[in-house]
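Trainee: Structure below; questions to follow.
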Amino acid sequence: MHRHGYKGTKFGRERDQREALLKSLADSLILYETIETTLPKAKAVATYTEKLVGKAKKGKDSLHNRRLVISGLASLEAAHKLVDELAPKLGGRSSGYFRIQRTKLRRGDGAQMASVSFVDELKTEKKSQKEVKEDASDKKKPEESQKSDTKQEAPAIKDTSAQIAQPKVQNQAPKRSGIRGNR
């Protein structure tokens with residue numbers, strides 16, 4: 001097999017497997033806004049997703065570009081998030097949307113790991129669990145918050161492990177010892 005006309009890394013995969021790998025990595029990058037993978041995969045997914053972001057910026061105006069973004073990602077949810085939420089926030093840039101940082105060497109095979117994330121901080125409107133709890137605690141009445149601050153002692157749990165009888169083991173075969181061990 002010759003190498004003419006192929007740009008990029010093969011990752012030891014066939015073409016369809018390689019395309020599926022890039023789609024799923026790009027999908028995860030858009031949904032979670034940061035991923036950690038090997039360095040060659042990180043470089044490949046950054047360039048692949050850069051092109052999708054360019055199409056997503058035009059996707060608001062053009063149905064064709066939106067469909068190209070949908071076909072370039074593994075899930076419809078990620079495509080809509082990219083076109084509707086992330087692309088408008090990246091309006092000031094023409095390219096260079098992703099940052100690749102080397103992190104550590106993988107324990108098993110020593111492969112260089114890298115983290116891929118957006119250069120701009122993209123705050124999504126979803127509240128984290130911590131913020132939701134804080135909002136809920138602010139809405140409580142002052143009387144309720146004082147009542148919840150006083151700790152009630154839970155009844156002590158009795159140690160019942162001494163009461164449970166251990167089953168007796170019977171019919172245990174004697175261990176054989178010899179040169180070749182247990183046969």
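Trainee: Shape of region 26-71 from its Cα gyration tensor (a ≥ b ≥ c, root eigenvalues): rounded if a/c is under 1.5, otherwise prolate when a/b > b/c, or oblate?
Mentor: Since a/c reaches 1.5 and a/b is larger than b/c, the shape of region 26-71 is classed as prolate.
Trainee: Only sites in a loop by DSSP and with at most 16 other Cβ atoms within 10 Å count here; which GluC sites (Glu not before Pro) in region 1-100 make the cut?
Mentor: Passing sites in region 1-100 are Glu14, Glu33.
Trainee: Give a quick list of trypsin sites (Lys or Arg not before Pro) in region 67-105 that DSSP marks as loop, anything other than H, G, I, E or B, with at most 14 other Cβ atoms within 10 Å.
Mentor: On the way: sites: Arg67, Lys81, Lys89, Arg93, Arg99, Arg102, Lys104; in loops: Arg93.
For trypsin sites (Lys or Arg not before Pro) across region 67-105 that sit outside H, G, I, E and B with at most 14 neighbouring Cβ atoms in 10 Å, the list reads Arg93.
Trainee: Which net charge results when you count Lys and Arg as +1 and Asp and Glu as -1 among the other residues whose beta-carbon is under 10 Å from that of Gly72?
Mentor: Taking every Cβ under 10 Å from that of Gly72, the sum is +2.
Trainee: Tally up the carbon and sulfur contribution to the accessible surface of region 1-94 as a whole percent, 1.4 Å probe, everything protein left in place. If you can, show how the numbers build up before the last one.
Mentor: Values: 2940 of 5650 Å².
C and S fraction of accessible area: 52 percent.
Trainee: May I pose another question? Gain in length, Ser62 to Leu122, computed as 0.36 nm per residue apart minus the alpha-carbon separation, to one decimal in nm?
Mentor: Here the answer is 19.3 nm.
Trainee: Before I look further, what does region 1-86 give for accessible area per residue, probe 1.4 Å, in whole square angstrom?
Mentor: Using a 1.4 Å probe on heavy atoms only, each residue of region 1-86 averages 60 Å².
Trainee: With a 1.4 Å probe and every protein chain left in place, tell me how much accessible area His80 has, in Å² to the nearest 10.
Mentor: 70
The values are calculated or read from the model by the stated rules, or taken from the named source; none is laboratory data. A quick note: this is a predicted structure, and the numbers were derived from the prediction, not measured. Note that each Cβ is placed from the backbone with ideal geometry, even for glycine, and that neighbours are counted across all protein chains shown. Keep in mind that these areas ignore ligands, DNA and RNA; they rest on the heavy atoms of the full protein, side chains included. Shrake-Rupley method; radii C 1.70, N 1.55, O 1.52, S 1.80 Å.
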